[in-house]
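Take a look at the structure set out below.
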Amino acid sequence: SFTVTSEGCRVVLACGIRFYFPPGAASDPVRICFRSLMPDPQWVKLRHHDVLLSRVLELQPHGVQFQQEVQIWMPYISPQTPHQHEVVVRTFSGQSWSDLKTRVKRERKSKKCVAHCCVLHFSWFLVVSRLVQNECQVPAEGTLLFSSVDPNIKVIFPPGVTQEPRSVKLQVLPVSAEDIQEITANAGCRASPLLYLSQDSTVDFLKPVRIQLPLPPGVTGLNLDRSRLHILHGDLEGQTWNDITSEVVLEFTHLYAVFEVTHFSWYWLWYTTKTYIGGIAKKVYERLRLYQVNFIALQRKKDPEQVLLQCVPKHKVDPVLKKLQDRYRGPEPSDMVEMFEGEQFFAAFERGISIDMDRPDCVDGRLSFIFYSHLKNMKEIYVTSPVDRKGQAVKGQVSFYRGAVPDSIPEDASRRRKGPDSLWLATLPIKLPQLKRRWDESPGPLYGFSFPPLNLGNAETGYLTQANLLSIARRVGADWQSIGLNLGLTYQQIERIGYNNREDLNKQILDMLFSWAQQNSEDPDSVSKLITAMKESGRQDIADEVEAIIELGRQKYSESIRRVGLEQESSTEDSAIAIM
């Protein structure tokens with residue numbers, strides 16, 4: 001959090017997000033709280049062909065009104081289709097998400113893409129890539145609206161088309177001939193770009209609106225067979241495509257088809273010998289929203305119990321594997337599967353491999369993921385096994401399963417994802433090697449652990465020796481995990497220590513304490529960090545003991561200094577007497 005006063009300020013967060021509060025934006029001091037969240041598809045609603053480019057930024061207090069606009073700069077991942085899409089900042093206001101007027105740029109120094117917007121309120125914010133949107137106000141006198149993606153697509157509003165001015169939005173999705181042929185498996189099928197029209201009024205236009213679409217590739221007014229041309233009208237979700245060719249008046253030029261409508265939605269021009277084209281168009285539209293992906297499961301070379309799981313778009317698999325090959329090894333990626341933006345999937349470890357069930361992202365023993373094509377769908381986790389690995393290796397596997405699908409997915413596609421067989425996506429092998437003996441089985445003061453001599457701290461501030469740490473370890477008890485985390489050990493390290501010594505609490509405590517000591521043996525502040533960690537863990541008794549040990553060490557050091565000083569003075573006097 002940070003505080004904003006009436007003087008204004010500039011704020012830069014560690015994640016790269018920046019703010020500018022102009023003077024007078026806040027009349028009274030306001031404490032601004034922020035956090036960065038992974039998007040939850042239950043409340044982050046993406047529209048058709050939207051692509052998420054950032055995490056969610058939450059700013060509180062929600063709904064606070066500023067006297068002047070506050071500027072926000074949000075870094076985002078550059079989209080792969082810059083011509084067809086545009087980048088906008090989306091915010092939640094009231095009961096729905098809306099897009100803000102956004103400027104984008106690539107910063108010279110960092111080379112990062114940044115989206116800039118201005119707001120008068122705080123809520124949730126995220127960066128998305130949407131189909132390029134052209135917008136105009138339609139007055140009673142009529143007007144012309146055309147697409148900036150394909151200027152051949154035009155919408156003509158005649159005079160008298162409306163009584164009250166209304167806002168109209170136009171979006172275009174180009175579709176390549178190669179995609180049509182690949183999806184339909186029919187070289188004779190061709191289609192125009194997809195046109196989507198919307199308005200802010202629920203009332204139909206008073207007069208027909210003229211729409212101009214380019215003829216499909218390879219089709220001109222000279223070779224046109226009118227019996228093969230179909231105009232399709234799709235509903236808002238793209239689930240139903242009706243052939244309206246017989247319901248409209250069609251005009252043709254050498255390059256265009258022109259027709260009239262009174263209400264808006266999706267429009268698509270097809271050229272094919274098929275008689276029923278609605279089902280084919282629905283299939284193509286669904287496939288245009290799918291991403292082809294592969295799953296990878298890799299283990300660290302130095303620590304095979306640490307497993308990396310990732311869902312990677314097909315074209316990124318080779319670069320990702322090349323980047324990871326020095327530190328990880330594992331099987332070949334899975335076969336290709338298809339997923340929607342915002343679709344949930346799970347990873348389940350099977351056949352003798354298990355994970356910590358208390359993780360917040362663990363649902364019924366499975367790791368939960370949400371697929372976003374431009375974000376890293378990756379997690380690293382320590383795995384364990386109930387099998388005794390001292391005598392044998394464990395050959396297990398990780399399987400990926402579908403979860404909940406986004407609300408906007410077509411009903412047919414959602415139906416195909418139900419049932420036990422259809423949920424499975426892929427399975428990859430995981431092997432945990434046979435455990436090497438890490439300590440002698442004979443009991444001893446360190447329970448078989450073998451560590452080099454330890455002296456934490458320094459002579460002036462006091463030392464903690466191996467014997468001191470052993471005395472401290474005897475008092476730790478079952479709260480060793482919270483102490484380890486407060487000492488700076490990672491969750492994965494704590495998890496691994498617990499597994500390796502899962503049948504002996506004393507070994508868990510010793511392994512944690514001495515592992516930390518070895519990592520910090522050269523740190524002059526290690527003793528003070530140990531005291532602070534004990535206090536933060538609610539173990540003031542241990543902190544007092546450590547301070548007592550250190551104080552005793554300081555006293556011994558001071559006494560030794562004084563003793564050495566007296567000996568030096570005495571020897572100096574003896575030397576002077578001898579000289580005399």
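The values are calculated or read from the model by the stated rules, or taken from the named source; none is laboratory data. Remember, predicted model here, so these are calculated numbers, not experimental data. With ideal geometry, Cβ positions are generated from the backbone for all residues, glycine too; neighbour counts draw on all protein chains shown. Each accessible area value is taken on the protein alone, full model and side chains, heavy atoms only, with ligands, DNA and RNA left out. Shrake-Rupley method; radii C 1.70, N 1.55, O 1.52, S 1.80 Å.
Just a few scattered comments:
- Candidates per GluC sites (Glu not before Pro) in region 65-161, loop by DSSP, up to 16 other Cβ within 10 Å: Glu69, Glu107, Glu141
- C-alpha long axis of helix 278-288 to longest principal axis of the chain, angle in °: 30
- If R0 equals 35 Å, the separation of the Cβ atoms of Asp235 and Ala187 corresponds to a calculated FRET efficiency of about 0.75.
- Between the beta carbons of Val258 and Ala14, assuming R0 = 51 Å, the FRET efficiency works out to 0.40 to the nearest 0.05.
- When you filter the trypsin sites (Lys or Arg not before Pro) in region 250-300 for DSSP loop state and at most 16 other Cβ atoms inside 10 Å of their Cβ, you are left with Lys274.
- Residues Arg359 and Asn506, FRET efficiency given R0 of 22 Å [Cβ-Cβ distance, rounded to 0.05]: 0.25
- The phi torsions of region 56-64, fed into the Karplus equation with coefficients 6.51, -1.76 and 1.60 and a -60° offset, translate into couplings of 8, 9, 9, 10, 10, x, 5, x, 4 Hz, rounded to whole numbers, with Gly and Pro shown as x.
- For region 10-110, chymotrypsin sites (Phe, Trp or Tyr not before Pro) are listed when DSSP marks them as loop and at most 11 other Cβ atoms sit within 10 Å of their Cβ; the list is Trp43.
- Tensor-based shape of region 124-214 (alpha-carbon gyration tensor, a/c under 1.5 rounded, otherwise prolate or oblate): oblate
- Size of electric dipole in the chain: Cβ of Lys, Arg +1 and of Asp, Glu -1, about Cα centre, debye, nearest 20: 1440
- In the chain, Cα pairs under 8 Å separated by at least six residues give a relative contact order of 8 percent.
- For region 242-248, backbone phi angles converted through the Karplus equation (6.51, -1.76, 1.60; θ = phi - 60°) give residue-by-residue couplings of 9, 7, 10, 4, 6, 9, 10 Hz, Gly and Pro being listed as x.
- Each residue, Leu288 and Asp544, gets one label point 7 Å from its Cα in the Cβ direction; the gap between the two is 7.4 nm.
- Amide H partners (placed H, <5 Å) of Arg166, local residues excluded: Val138
- For Asn501, residues with placed amide H under 5 Å, excluding near neighbours: none
- Prolate/oblate/rounded label for the chain (Cα gyration tensor, a/c 1.5): prolate
- Measuring between alpha carbons in the structure, the pairs from Lys109/Lys379; Lys105/Lys379; Lys302/Lys507; Lys111/Lys314; Lys323/Lys376; Lys283/Lys316 lying more than 19 angstrom apart are Lys109/Lys379; Lys105/Lys379; Lys302/Lys507; Lys111/Lys314; Lys283/Lys316.
- All other residues whose Cβ lies under 12 angstrom from that of Ala517 are scored, Lys and Arg at +1 and Asp and Glu at -1, for a net of -2.
- Spacing of the two label points (7 Å from each Cα toward its C-beta) at Leu423 and Lys535, in nm: 5.0
- Across region 46-54, computed HN-Hα scalar couplings (Karplus, 6.51 cos²θ - 1.76 cosθ + 1.60, θ = phi - 60°) run 8, 8, 4, 6, 6, 10, 7, 10, 8 Hz from first to last residue, x flagging Gly and Pro.
- Difference of contour (0.36 nm per residue) and Cα-Cα distance, Lys45 to Cys33: 2.0 nm
- Approximating the spin labels as points 7 Å out from Cα along Cα→Cβ, the Thr3-to-Gln95 distance works out to 3.9 nm.
- Carbon + sulfur, % of accessible area of region 133-275 - ligands and nucleic acids excluded, 1.4 Å: 51
- Amide hydrogen neighbours beyond the local backbone of Ile430, cut-off 5 Å, H modeled: Gly396, Gln397, Val398
- Per residue, the solvent-accessible area of the chain (1.4 Å probe, heavy atoms of protein chains only, all protein chains present) comes to 52 Å².
- Calculated mean residue ellipticity at 222 nm for the chain: -7000 deg cm²/dmol, from DSSP H runs with n ≥ 4 weighted as -39500 (n - 2.57), summed, divided by the residue count and rounded to 500.
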